[in-house]
Amino acid sequence: MSVVTADFVVSLDGCISGRAIGPDAPFGLGADPLAGWLHGLASWRARQGMEGGTHNRDSAIIEQWFRETGASILGRRMFDLGEPFWGDHPPFRTPVFVVTHRPRPDIVAGDTSIHFIDGLDVALDRAQGVAGPRSIDVGGGADLFQQALAAGAIDELQLHIVPYVVGDGLRLFDRLPPIGSEWTVADSEQGEGALHVRYRRR
């Protein structure tokens, strides 16, 4: 079976976005530095169909994440916020399963297929069927990640920790039971824009 991963950019105070997330502010208010370092990387820009960007260790780590992911799972809110920016070629280039109670016909755009699934368990089963030897990435948002983590579905968690305090924002680990004893640090590396820490379930 494929390893189930989650990969998030977080602030020092554990936020993945600011407050008042919406179409005009997909990262929320006051949280632009969380994504600023990422958007300038060569690997990130290439995945969005753009040229140029910085080639450094941060870029190599993000490229490895892309290369190792064989399927992605998203929540409906994250999909709705991202869809207007993706255009005809969404950046996933793998099958994507959107967990939602609002059905919608499947989408095929470029190298990405998007399927709307009622239930996390069903989405995980479908993703296992197409990921092959690559991993399944639970990409968020926070609510979906918290469901998957609390259910014991996440095998590895990679955090890209940015030296910035959001303050009033959406925190990745809100409303969760204690889980620290179940995890160990698999590797850690300081990049130019973030500290990259990979945790693995014992």
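The values are calculated or read from the model by the stated rules, or taken from the named source; none is laboratory data. The structure presented is a predicted model; accordingly, all values stated were derived computationally and were not measured. With ideal geometry, Cβ positions are generated from the backbone for all residues, glycine too; neighbour counts draw on all protein chains shown.
One line per residue, one yes/no per condition, for (1) farther than 25 Å from Pro95 by Cα; (2) free of Cβ contacts under 8 Å to residues at least 12 places away in the same chain; (3) surrounded by fewer than 17 Cβ atoms within 10 Å (Cβ to Cβ):
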| position | (1), (2), (3) |
| --- | --- |
| Ser2 | no, no, no |
| Pro23 | no, no, yes |
| Leu29 | yes, yes, yes |
| Leu34 | yes, no, no |
| Leu41 | no, no, no |
| Arg57 | yes, no, yes |
| Ile73 | no, no, no |
| Met78 | no, no, no |
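Go through region 169-198 and count every residue that is under 21 Å from Ser17 (Cβ atoms) and either of a type outside the set (Gly, Ala, Ser) or touching a Cys at 6+ places or on another chain (Cβ under 6 Å) (or both).
Taking region 169-198 as the starting set, the residues that turn out to be under 21 Å from Ser17 (Cβ atoms) are 169-176, 191, 193-197.
Still in the running and either of a type outside the set (Gly, Ala, Ser) or touching a Cys at 6+ places or on another chain (Cβ under 6 Å) (or both): 169-176, 195-197.
Total meeting the criteria: 11.
I need the full set of residues from region 114-137 which are surrounded by 18 or more Cβ atoms within 10 Å (Cβ to Cβ) and either among the polar types (S, T, N, Q) or at pLDDT below 95 (or both), in order please.
Selection gives Ser135 alone.
Of everything in region 168-202 that's under 19 Å from the mean Cα position of the chain (by Cα) and of a type in the set (Ser, Thr, Tyr), which residue is surrounded by the most Cβ atoms within 10 Å (Cβ to Cβ)?
Restricting to residues being under 19 Å from the mean Cα position of the chain (by Cα) and of a type in the set (Ser, Thr, Tyr), the top hit is Tyr199.
For region 84-113, give me each residue that is assigned to a helix (DSSP H, G or I) and loosely packed, with under 15 Cβ neighbours inside 10 Å.
Taking region 84-113 first, the residues assigned to a helix (DSSP H, G or I) are 84-86.
Those that are assigned to a helix (DSSP H, G or I) and loosely packed, with under 15 Cβ neighbours inside 10 Å: Pro84, Phe85.
To keep it simple, each residue is scored yes or no on (1) touching a Pro at 6+ places or on another chain (Cβ under 6 Å); (2) under 20 Å from Cys15 (Cβ atoms); (3) β-branched (Val, Ile, Thr).
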position: Ile161; (1), (2), (3): no, yes, yes
position: Tyr164; (1), (2), (3): yes, yes, no
position: Gly167; (1), (2), (3): no, yes, no
position: Glu182; (1), (2), (3): no, no, no
position: Glu189; (1), (2), (3): no, no, no
position: Arg201; (1), (2), (3): no, no, no
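Ala153: over 18 Å from the mean Cα position of the chain (by Cα), surrounded by 13 or more Cβ atoms within 10 Å (Cβ to Cβ) and not β-branched (Val, Ile, Thr), yes or no? Can you show your working first?
On the way: over 18 Å from the mean Cα position of the chain (by Cα): no; surrounded by 13 or more Cβ atoms within 10 Å (Cβ to Cβ): yes; not β-branched (Val, Ile, Thr): yes.
No.
Evaluate the following for Leu159: is it assigned to a strand (DSSP E or B) and either within 21 Å of Arg201 (Cα to Cα) or of a type outside the set (A, V, I, L, M) (or both)? Explain how you work it out, then say what you get.
Working: assigned to a strand (DSSP E or B): yes; either within 21 Å of Arg201 (Cα to Cα) or of a type outside the set (A, V, I, L, M) (or both): yes.
Answer is yes for this residue.
Given (1) in contact with a Lys or Arg (Cβ under 9 Å, 6 or more places away or on another chain); (2) part of a loop (DSSP other than H, G, I, E, B); (3) within 17 Å of Ser2 (Cα to Cα), identify the lone condition not met by Ala153.
Checking Ala153 against (1) in contact with a Lys or Arg (Cβ under 9 Å, 6 or more places away or on another chain); (2) part of a loop (DSSP other than H, G, I, E, B); (3) within 17 Å of Ser2 (Cα to Cα), the one that fails is (1).
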